[in-house]
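Working notes, structure below.
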Ligand SMILES: Nc1ncnc2c1ncn2[C@@H]1O[C@H](COP(=O)(O)OP(=O)(O)OP(=O)(O)O)[C@@H](O)[C@H]1O
């Protein structure tokens, strides 16, 4: 198993705008290892989601080098990136992003269908993960029939079902009340203890403080990195 999941060297990201290319991320240097729990925080517009999209292989950097599990991202095809995402990365978003006309079971089954997993194994895996998250009685419900916290647990189940090496969460508790947010955070921490690397974008410093390392962004740059265990400023 490769220990270094993410290796970014001087990564930049530009978007085309009417007035020409606009650089959103500058000189991002970042390593994330397989046993890490990292929070990314910073003001609105700092580039957190853009960085998360790069980490999660949803977009390719405009410059610099990015290796995911040792593989150079810029030279991989969209198809290959899709396979890596399906196999190794789970995503959880603020607004759950469940498919509203599919049952809970089918929502969670989807990444396994894309991954070519057999019908028998899919039933086992989906039932197991939904039971683990306390949703065994809701397999045939539609997302709208569940509370926000339950929907986020379904989203978490969908992200976990492929047993990814890395879980990427964009404001996972942003739409939840404190108590429900705590349930989701505890589940994420449990997943991390079981060996899944976590990267969370959050505005909430109480959420960020649960991580082992906090990365603070401003104006498209990483301005500081704080290691929570040693309380030591690295930069
Ligand atoms: N597709 C795009 N085209 C052009 N500009 C973009 C695009 N996506 C993001 N941006 C710009 O990049 C900057 C960073 O956006 P990003 O969403 O990464 O910030 P953020 O730190 O996640 O903000 P927030 O906390 O408000 O979600 C913003 O100025 C945004 O307008």
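Read-outs throughout are calculated quantities, based only on the coordinates presented, and are distinct from any laboratory measurement. Just so you know, these numbers come straight off a predicted model, no measurement behind them. Every residue, glycine as well, gets a Cβ built from its backbone with ideal geometry; the counts of neighbours run over all protein chains shown.
Condition test on residue 50, is it near the ligand (Cβ under 10 Å from one of its atoms) and out of contact with any helix residue (DSSP H, G or I) (no Cβ under 6 Å at 6 or more places or on another chain)?
Values: near the ligand (Cβ under 10 Å from one of its atoms): yes; out of contact with any helix residue (DSSP H, G or I) (no Cβ under 6 Å at 6 or more places or on another chain): yes.
When the stated conditions are applied, residue 50 passes them.
If residue 80 meets every condition in (1) in a helix (DSSP H, G or I); (2) within 19 Å of residue 148 (Cβ to Cβ) apart from one, which number is that one?
Answer for residue 80: the failing condition is (2).
So which residues in the range 2-43 are in a loop (DSSP other than H, G, I, E, B) and in contact (Cβ under 8 Å) with a residue 40 or more places away in the chain, if there are any at all?
Result: 2, 34, 35, 36, 42, 43.
Exactly one condition in (1) within 16 Å of the ligand (Cβ to nearest atom); (2) out of contact with any strand residue (DSSP E or B) (no Cβ under 6 Å at 6 or more places or on another chain); (3) farther than 16 Å from residue 159 by Cα is false for residue 74; which is it?
For residue 74, the exception is condition (1).
Suppose we filter the range 183-208 for residues that are in contact (Cβ under 8 Å) with a residue 60 or more places away in the chain, more than 20 Å from residue 47 (Cα to Cα) and either part of a strand (DSSP E or B) or over 15 Å from the mean Cα position of the chain (by Cα) (or both); how many remain?
Qualifying residue count for the region: 1.
Among the residues of the range 214-221, is there at least one that is closer than 25 Å to residue 105 by Cβ and touching a helix residue (DSSP H, G or I) at 6+ places or on another chain (Cβ under 8 Å)?
Step one: of the range 214-221, the residues closer than 25 Å to residue 105 by Cβ are none.
Taking every residue of the range 214-221 in turn, none turns out to be closer than 25 Å to residue 105 by Cβ and touching a helix residue (DSSP H, G or I) at 6+ places or on another chain (Cβ under 8 Å).
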